[in-house]
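One structure below.
The values are calculated or read from the model by the stated rules, or taken from the named source; none is laboratory data. Fair warning: this is a prediction, and the values are worked out from it, not measured in the lab. Note that each Cβ is placed from the backbone with ideal geometry, even for glycine, and that neighbours are counted across all protein chains shown. Heads up: the accessible areas ignore ligands, DNA and RNA and are worked out on the full protein's heavy atoms, side chains in. Shrake-Rupley method; radii C 1.70, N 1.55, O 1.52, S 1.80 Å.
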Amino acid sequence: RNWTSVKEYEDIKFDFFEGIGKITINRPRVYNAFRPKTVLELIDAFDICRERQDIGVIVLTGEGDKAFCSGGDQNVKGHGGYIDEGGVPRLNVLDLHKRIRSLPKPVVAMVNGYAIGGGHVLHVVCDLTIASENAIFGQSGPKVGSFDGGFGSSYLARHVGQKKAREIWFLCKQYSAKEAEDMGLVNTVVPFEQLEDTTVEWCKIMLQRSPMALRMIKRGLNAELDGQTGIMEMAGDATLMFYLMEEAQEGRNAFLEKRDPDFQQFPKFP
Ligand code: 2NE
């Protein structure tokens, strides 16, 4: 498969192949833990994926065969957050969660090893998860002095139910890929050697589907959970579709032509 690099970064890789944008956390020495800079780079790459017309599906993964992501880099955890290069404490991964949910295209987590702590939350916020057999899942916050009470808990509970979500967080156990599949935490599990092939295969199927239909399904599924923000994003897409209709164009045309709009010509559907 001929992945071509979209943009060079320090902590991540960003590649493109036939409609798929692949974003890889590239810090294998720390099991792909993220520091504030890693997160800024991920946000930049996801923003590019949103803008680019030729990218229909995004894959998020980790470099190597050990880890998808082991969460926040404990080496830079200080007072008030993860300390950036300017000495400022940050928890900017929450901005990344919002980006992934807002992105009007499917995002697939390709989990190639440990998905632990904040790394586990990253796969939770993706639309689909495809895991290799060696993948291991779990939260570790209450063991290492952290927690994610946002998407990392409430959205997790939507995947696995309240009891299981509380078990995952309260006990900080680790779960095999098979256990994760059984509890509805991942979509499918494949041998490591087939991980990318299967992910690309699933992406190609989604690329054949209507982008607007996929977009509205993602918006609808999010809106149920995301309150006013979810409704706003869904309404924004309804407005986008309205702008494509002659009825909306009549309003604009009438204003520019300094006449009353004739909306009576348009059907009132039952
Ligand atoms: C992932 C896990 C379970 C793997 O265990 P093991 O025994 O297979 O590997 P090892 O030796 O622990 O890790 C390999 C190397 O990666 C580094 C380790 O320090 C080690 O480096 P060396 O000693 O060989 O030099 N490494 C692994 N994870 C790291 C990390 N997160 N930061 C920095 N270095 C890391 C095991 O490594 C593990 O439990 N890792 C820690 C997982 C964790 O607790 N992550 C933070 C959770 S909190 C969080 O992410 C978070 C949040 O809760 C809320 C908001 C935002 C973030």
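When you filter the trypsin sites (Lys or Arg not before Pro) in region 219-262 for DSSP loop state and at most 14 other Cβ atoms inside 10 Å of their Cβ, you are left with K258, R259. Using a cutoff of 8 angstrom between alpha carbon atoms and counting only pairs six or more residues apart, the relative contact order for region 1-120 works out to 28 percent. Over region 156-270, Cα pairs under 8 Å with separation of 6+ residues give a relative contact order of 10 percent. Largest first, the residues S70, S5 sort by 1.4 Å accessible area into S5, S70. Against the chain, whose longest principal axis is taken from its Cα atoms, helix 195-208 shows a tilt of about 10°.
Taken over the alpha carbons of region 160-224 as equal point scatterers, the Debye sum produces base-10 log I(q)/I(0) values at 0.16 Å⁻¹ of -0.81. For the chain, a Gaussian network of Cα nodes joined below 10 Å ranks N134, N253, N222 by mean-square fluctuation, and the top entry is N253. Counting charges near I20 (Lys, Arg +1; Asp, Glu -1) among other residues having Cβ under 13 Å from its Cβ returns a value of -1.
The residues neighbouring V160, those whose beta-carbon lies less than 12 Å from its own, together hold a net charge of 0 under the Lys/Arg +1, Asp/Glu -1 convention.
Taking Cβ atoms as reference points and 15 Å as the exclusive limit, the residues near G62 contribute a net charge of -1, counting Lys and Arg as +1 and Asp and Glu as -1. Estimated purely from DSSP H runs of n ≥ 4, each contributing -39500 (n - 2.57), the mean residue ellipticity at 222 nm for the chain is -13500 deg cm²/dmol once divided by its residues. Report Rg(Cα)/(2.2 N^0.38 Å) for the chain, keeping two decimals. For the chain, the normalised Cα radius of gyration is 1.12. Of the trypsin sites (Lys or Arg not before Pro) in region 114-199, the ones in a loop by DSSP (not H, G, I, E or B) with at most 14 other beta carbons within 10 Å are K173. The packing ranking, built from the mean of other Cβ atoms within 10 Å per residue, places the peptides 186-197, 120-131 in the order 120-131, 186-197, highest first. Rounded to the nearest 10 degrees, the angle from helix 246-256 to the longest Cα principal axis of the chain is 70 degrees.
Distances longer than 17 Å among the Cα atoms of region 56-128: what percent of all pairs is that? The calculated P(r) of region 56-128 puts 48 percent of pairs beyond 17 Å.
Averaging the sequence gap over all C-alpha pairs within less than 8 Å and six or more residues apart, then dividing by the number of residues, gives the chain a relative contact order of 13 percent.
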